[in-house]
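Below: one structure, written as structure tokens.
The values are calculated or read from the model by the stated rules, or taken from the named source; none is laboratory data. Quantities reported herein were computed from a predicted structural model and do not represent experimental measurements. Cβ sites come from the backbone with ideal geometry, for glycine too, and all protein chains shown count toward neighbours. Just the protein is used for accessible areas: all its heavy atoms, side chains included, with ligands, DNA and RNA removed. Shrake-Rupley method; radii C 1.70, N 1.55, O 1.52, S 1.80 Å.
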Amino acid sequence: MRKNRPFILLVAIPLTAILILGGLIFGSQAMSDQKQEGDIQRALATATSLETPGDVELQYLQSVNYGYGVCGLYKTPSAEKGFAPFFYDTTNHDLVLDINSRRYKSNCALGSLC
């Protein structure tokens, strides 16, 4: 019995604590990303006059400005030309659909991604 106590105290308990902490960190990150996608879908549904945000399909989401913005493509059921680009500001919850705007070009243009 005395020989098992150091193994439990020095190996098993710290290893268990590390696994639980890692699960909490990565689990919360996954939930945060899913919540952010829902926010983007709601903003796009409002901007395109859709009733249900679930109808908006998102593709190629890329975090920009150290996580303060998201660039990507979206498609609505009524879209005839396929996917359209957007920029979503995560701090102000502001959506930019105009690809010629200064905010879109400064955040999502090829020069800012390289």
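Overview of results
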{"quantity": "Loop-located chymotrypsin sites (Phe, Trp or Tyr not before Pro) in the stretch 30-99 whose Cβ has at most 15 other Cβ within 10 Å (DSSP)", "calculated": "TYR68, PHE83"}
{"quantity": "Degrees, to the nearest 10: 13-47 long Cα axis against longest axis of the chain", "calculated": "10 degrees"}
{"quantity": "Gaussian network model of the chain, Cα within-10 Å springs - most flexible of GLY69, GLY22, GLY54", "calculated": "GLY22"}
{"quantity": "Listed values (1) 1.12; (2) 1.61; (3) 1.26, entry calculated as Cα Rg over 2.2 N^0.38 Å", "calculated": "(2)"}
{"quantity": "Accessible area in square angstrom per residue, the chain, 1.4 angstrom probe", "calculated": "75 Å²"}
{"quantity": "For the stretch 33-114: relative contact order, % (alpha-carbon pairs under 8 angstrom, 6 or more apart)", "calculated": "19 percent"}
{"quantity": "Trypsin sites (Lys or Arg not before Pro) lying in DSSP loop within the stretch 8-92, provided at most 11 other Cβ fall within 10 Å", "calculated": "LYS81"}
